[in-house]
Amino acid sequence: MSLRRKHARRALFAGLAAVSLSCVTGGPRTAFRFFETPAPDDPWSRKIARWQVRERAQDVSESVVSPNGSTVASGPDRTAPASGQDLRTAYYAFRAEQKRALARSMATWIQAESKTHYIPDGPYDHWATLEETLAHNGDDCDGLELLTFHFLLDNGFRPDEVFRAIVFRPSDGQHHMVTLWFENASDPWVIDPTGAMVSGMPHLSEVPSWVPIKLFTETAEFTVGGPGLSSRIASHTVP
């Protein structure tokens, strides 16, 4: 990883702010701390690590090379003059708009495809790799989510702003897999491959009935902190 990317990654993690969500029942608001180091006995770590090893070991038959370059999150060091004619302001606004449009298009596409390519695992919850999902012509939420995760990375989204996320619904103890895009460090966009959590591409703050508990990629793993979240992770069996 280049020194510039290391600094950008550190800056992103250091600048992550907390997002406040209120539960559906009107309970207290929760401040999430997205990128905490997992506890040594975190029940999700072993499952995430097994998937990471298998995902890195498999190649998809046709891959897309991600273009290099900065994104909105690593934009200009100084604010451009407030002017409708300012090229810097217009360029960054256009680029942000195009990234959001691309992500929304992916959300619409994957939620439509899941209607015909959703395949439940059965009694054992197997986390597929991207190649397994494509070879089997479908999978459940954790396999279909990989199409979104890889699509965004293949199309220039930085690896330190796109994460796989395990979300949890306290009302019934259900777990689900979605993609979180941290365009906003404190309130990421949610892309749910099946629409079971939400349709479209809302911000996480717009889906208060679900809470994120884990974030990970092919090489990294983080625990989401916040009041009561650690006890919720520990008190539920990993599927």
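The values are calculated or read from the model by the stated rules, or taken from the named source; none is laboratory data. Quantities reported herein were computed from a predicted structural model and do not represent experimental measurements. All Cβ positions, even for glycine, are placed from backbone atoms using ideal geometry, and neighbour counts span all protein chains on display. Please note that ligands, DNA and RNA were not included when accessible areas were found on the heavy atoms of the full protein model with its side chains. Shrake-Rupley method; radii C 1.70, N 1.55, O 1.52, S 1.80 Å.
Points worth noting:
- Relative to the current alpha-carbon distance between Asp125 and Arg100, full extension at 0.36 nm per residue lengthens the span by 5.8 nm.
- Of the whole protein surface, Thr179 contributes about 0 Å² of accessible area at a 1.4 Å probe radius.
- Placing one equal scatterer on every Cα of the range 111-236 and applying the Debye formula, the log10 ratio I(q)/I(0) at q = 0.15, 0.17, 0.23 Å⁻¹ is -0.69, -0.90, -1.59.
- Paramagnetic reach from Asn155 (point 7 Å along Cα→Cβ, amide N under 11 Å) across the range 83-123: 98-110
- Residues Arg169 and Tyr118, FRET efficiency given R0 of 22 Å [Cβ-Cβ distance, rounded to 0.05]: 0.75
- Only one residue of Gly195, Val207, Phe168 has its Cα farthest out toward the positive end of the dipole of the range 154-220, where Lys and Arg carry +1 and Asp and Glu -1 on Cβ, and that residue is Phe168.
- Cβ charges +1 (Lys, Arg) and -1 (Asp, Glu), total dipole of the range 93-135, debye: 460 debye
- With both labels modelled 7 Å from their Cα along Cα-to-Cβ, the Ser199 to Ala39 distance reads 3.8 nm.
- In terms of accessible area, using a 1.4 Å probe and ignoring ligands and nucleic acids, Ser105, Ser171 rank largest first as Ser171, Ser105.
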